[in-house]
1. Within segment 163-177, can one find any residue that is hydrophobic (A, V, I, L, M, F, W, C), out of contact with any Leu (no Cβ under 8 Å at 6 or more places or on another chain) and part of a strand (DSSP E or B)?
2. Looking only at residues that are polar (S, T, N, Q) and in contact (Cβ under 8 Å) with a residue 12 or more places away in the chain in segment 23-55, which one is farthest from HIS137 (Cα to Cα)?
3. If I go through segment 238-287 residue by residue, how many of them are in a loop (DSSP other than H, G, I, E, B), charged (D, E, K, R) and crowded, with 16+ Cβ neighbours inside 10 Å?
4. State yes or no: is PHE69 touching a strand residue (DSSP E or B) at 6+ places or on another chain (Cβ under 9 Å) and either free of Cβ contacts under 8 Å to residues at least 60 places away in the same chain or not assigned by TED's automatic domain parsing to the domain that holds SER131 (or both)?
5. Anything in segment 199-239 that is within 16 Å of LEU33 (Cβ to Cβ) and among the small types (Gly, Ala, Ser)? List them, or say none.
6. Quick one: is ASN181 under 24 Å from ASP254 (Cα atoms) and part of a helix (DSSP H, G or I)?
7. Can you name the residue in segment 1-16 that is surrounded by 15 or more Cβ atoms within 10 Å (Cβ to Cβ) and closer than 23 Å to ILE179 by Cβ and, of all such residues, is modelled with the highest pLDDT?
Amino acid sequence: MNEVTATETHGQEVRSGERFAFGENWGRFLNVLDEQRIQQAVDSLKEKLAVDNLKGKSFLDIGSGSGLFSLAARRLGAKVLSFDYDPQSVACTKELRRRFFENDGEWDVQTGSVLDINYLRNLGNFDVVYSWGVLHHTGDMWAALANVNTNVAAGGKLFIALYNNQGFPSRVWLRMKKIYNRLPRALKPLFAFLVYFPLECRAFLYLLVLGKPGVYFANIAHYKKNRGMSWWHDKIDWIGGYPFEVSKPEQVFDFYRKLGYSLTALTTCRGELGCNEFVFQRDPKIS
């Protein structure tokens, strides 16, 4: 799929309510991006990948979004290739490259789809393949999970995060996301407020009963420590994030074990709302 076709198809999907405009939300996030957030992203990569740097390594960012983690990988010394299906996300990633690594030959930004296996094959292999909170938004998560195997070098690492399957609550959120994306633009903020207000009140009252109301506000104030992200922009990303699929940790583990991967790091939601994080390493004997 070429860039023009991808842009046209993406635009049609957003207008029909079949896809959330992720890049639009990431564009607003760039307005609050600061050095502290960038450093949190760098530190989270170092921690999860168990490295001090990525010098001499190649890094593929699948669904680069804001471009924050492509930037983090580049700061760690990796040669980076970023791509996204959303044209505004591509623009965000290019903007971060312009701000911090202008005219840099070690950071390429492209438009592409993880569901386009021919596109992936043409990219080649990478030491680290990264796709945090992306593959469950493709519309065909299991195909996407299979496709990313194409780009992981022998002995390379695959770092992904996927929405946790909560059963009934996940089905409720799927319905909420469909409604949000089919609403007129002017009504979307009101709908988000009506959904989140009772949930946030419940969270605050729970902490109030425990005698810790300040924890609620501290969690929001220090949210940037969560991979350098933004509390409100993540809220909008969550309610709007459609297509939407979920999985259980054991399903993902079994899937990649059969492809010759071993699990080197795992962080789960403990059955709650959010993403399960996986770092897999490919068998060096498998090419």
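1. no
2. ASN53
3. 2
4. Values: touching a strand residue (DSSP E or B) at 6+ places or on another chain (Cβ under 9 Å): yes; either free of Cβ contacts under 8 Å to residues at least 60 places away in the same chain or not assigned by TED's automatic domain parsing to the domain that holds SER131 (or both): no.
Judged against the criteria, PHE69 is not a match.
5. GLY228, SER230
6. Criteria not met by ASN181.
7. At the first step, the residues of segment 1-16 found to be surrounded by 15 or more Cβ atoms within 10 Å (Cβ to Cβ) are 1, 6-7, 10, 13-14.
When the remaining residues are screened for being closer than 23 Å to ILE179 by Cβ, the result is 10, 13-14.
Numbers: HIS10: 79, GLU13: 83, VAL14: 80.
Going through the qualifying residues, I end up with GLU13.
Residue by residue, here is whether (1) assigned by TED's automatic domain parsing to the domain that holds ARG257; (2) among the β-branched types (Val, Ile, Thr); (3) within 26 Å of VAL51 (Cα to Cα); (4) in contact with a Leu (Cβ under 7 Å, 6 or more places away or on another chain) holds:
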{"position": "ASP86", "(1), (2), (3), (4)": "yes, no, no, no"}
{"position": "GLU106", "(1), (2), (3), (4)": "yes, no, yes, no"}
{"position": "LEU115", "(1), (2), (3), (4)": "yes, no, no, no"}
{"position": "ASN118", "(1), (2), (3), (4)": "yes, no, no, no"}
{"position": "GLY124", "(1), (2), (3), (4)": "yes, no, yes, no"}
{"position": "ASP127", "(1), (2), (3), (4)": "yes, no, yes, no"}
{"position": "VAL152", "(1), (2), (3), (4)": "yes, yes, yes, yes"}
{"position": "ILE160", "(1), (2), (3), (4)": "yes, yes, yes, yes"}
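The values are calculated or read from the model by the stated rules, or taken from the named source; none is laboratory data. Everything numeric here is computed off the predicted structure, so don't read it as measured data. Because the Cβ atoms are built from the backbone with ideal geometry, glycine has one as well, and the counts that use them run over all protein chains shown.
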